[in-house]
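Engineer: Following this message is one structure expressed as structure tokens.
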């Protein structure tokens, strides 16, 4: 159950929100629409997001890509993509967490991330890693992870492009 | 041309060494044999190494996996696997560099790495990243990268397993 304060902040009836881990063929276009709606990602980044859904549909959980979709009144409006890091014991990467632009500010990202963490911990996972950019555009993203208990563990200068570092956050389960 | 000192150390005639970037179906088993010969990798790690070759054969260069194979007198005895990091401008990952156990200590790893760097730089690449473990078993691996000009840029505690950190090396082109 949501606390009353959280319920007010999220501005949707708890009953209307459904989280699902099942991946459907229609999620290819749903994910594309969600990612594009943000106006945040370049075309080649959108292509990567979509490719992970296709890879999952094609290869199943063996693809290493796990998803949580958030549905509001039957409409899929946000999703997270994560998975175990190959050749590690209990480390997981969070690859994508995106909320449709029309549904931002309602706590959906936090709900999704909480569900990812719950499932990772239930499966014996020890840590979740998430990588993001040092660019100003990503300041809200970094604040989001920090407010969710993620700690910046490493910084790789010029990783994404000259002047654009990669910051690696992690959270222990 | 190799310097005389290097030639002596490498103990093979320079003419006998051939590097190739072309990937053949037979490389699936060749890579498995090379990786297994080291006695260094667990079964699930061998599986990942082989999977990258299969992925490359299946999807071509679009797989994101590029290879350099080292042949001595027609026998493939070492290889490197690398590729551009998605969503970056000019960053490359070195995924695998392995020399068959019978052919270690001849400078083949260094030759392969040099060829990877040459090709990355020729294609406008800016940086090569390589990740390895903090475990004692990997001390020679870390010394190899350090002697090739790679700098430890980050350390992620407990990444591979409790007590087994990931160290991220990089080299600027």
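Engineer: Suppose the chain between residue A:136 and residue A:51 were pulled fully straight at 0.36 nm per residue; how much longer would it get relative to their current alpha carbon spacing? Display every interim value, and only then the final one.
Structural biologist: On the way: separation 85, 0.36 × 85 = 30.60 nm, distance 2.67 nm.
Full-extension gain reported as 27.9 nm.
Engineer: May I ask you to work out the translational diffusion coefficient for region B:134-173 at 10 °C, viscosity 1.306 mPa s, via Stokes-Einstein with Rh from the Kirkwood sum over Cα pairs, reported in whole µm²/s?
Structural biologist: Values: Rh = 10.5 Å.
Rounded to a whole number, D works out at 151 µm²/s.
Engineer: Remind me, what semi-axes does the protein assembly as shown give for its equivalent ellipsoid, largest first in whole Å, using sqrt of 5 times each Cα gyration tensor eigenvalue?
Structural biologist: On the way: eigenvalues 343, 80, 70 Å².
Ellipsoid semi-axes (Å, largest first): 41, 20, 19.
Engineer: I need the inter-copy label distances for residue B:115: point set 7 Å along Cα to C-beta, values in nm with one decimal, smallest first.
Structural biologist: Shortest to longest, the spacings are 4.8 nm.
Engineer: Turning to a different aspect of this structure: Placing the label point 7 Å from Cα along the Cα-to-Cβ direction, what are the distances from residue A:149 to the equivalent spots in the other copies, shortest first, in nm to one decimal?
Structural biologist: Listed shortest first, these distances are 4.4 nm.
Engineer: Grab every C-alpha pair in region B:76-173, bin the distances at 5 angstrom width from 0 up to the longest one, and report whole percents.
Structural biologist: 3, 13, 22, 24, 19, 13, 5, 1
Engineer: Going by the rotation axis that takes chain A to chain B, pick out the residue of A with the closest C-beta and quote the gap in whole Å.
Structural biologist: For chain A, the closest residue to the axis carrying it onto B is A:154, 2.
Engineer: When Cβ neighbours within 10 Å are restricted to other protein chains, what is their mean count per residue of peptide A:155-166? Before the final figure, lay out each step's value.
Structural biologist: Working: counts 2, 7, 4, 8, 11, 6, 6, 4, 0, 2, 0, 6.
Per residue, the number of nearby Cβ atoms from other chains is 5 on average.
Engineer: Whole Å is fine, so just give me how far the alpha carbon centre of region A:18-76 lies from that of region B:71-131.
Structural biologist: 33
Engineer: I would also like to ask the following. Given the rule -39500 (n - 2.57) for each run of at least 4 DSSP H residues, summed and divided by the residues of chain A, what is its mean residue ellipticity at 222 nm, to the nearest 500 deg cm²/dmol? Could the numbers behind the result be given before it?
Structural biologist: Working: 5 runs with 59 residues, N = 173.
Here the helix-only value at 222 nm equals -10500 deg cm²/dmol.
Engineer: Another question, if that's okay. Taking 56 Å as R0, compute the FRET efficiency from the Cβ-Cβ separation of residue A:29 and residue B:173 and round it to 0.05.
Structural biologist: Numbers: r = 39 Å, r/R0 = 0.69.
For R0 = 56 Å, the calculated efficiency reads 0.90.
Engineer: Tell me the label-point distance for the pair residue B:43, residue B:71, using the 7 Å Cα-to-Cβ offset, in nm and rounded to one decimal.
Structural biologist: 3.3
Engineer: Oh, and also: What is the gain in length, in nm to one decimal, between residue A:122 and residue A:161 on full extension, counting 0.36 nm per residue of separation less the C-alpha to C-alpha distance?
Structural biologist: On the way: separation 39, 0.36 × 39 = 14.04 nm, distance 3.67 nm.
Here the segment from residue A:122 to residue A:161 would lengthen by 10.4 nm.
Engineer: Seen from all sides and averaged, what is the projected area of the convex hull of the Cα atoms in region B:4-125, in nm²?
Structural biologist: Numbers: hull surface 31.5 nm².
It is 7.9 nm².
Engineer: How many nanometers, to one decimal and shortest first, lie between the label point of residue A:73 and those of its other copies, if labels sit 7 Å from Cα toward Cβ?
Structural biologist: Nearest first, the other copies' label points are 7.6 nm away.
Bear in mind these aren't lab numbers, they're just calculated from the coordinates by the rules spelled out. Owing to the predicted nature of the structure, the values given are computational and were not obtained by experimental measurement. We place every Cβ from the backbone using ideal geometry, glycine too, and count neighbours over all the protein chains shown.
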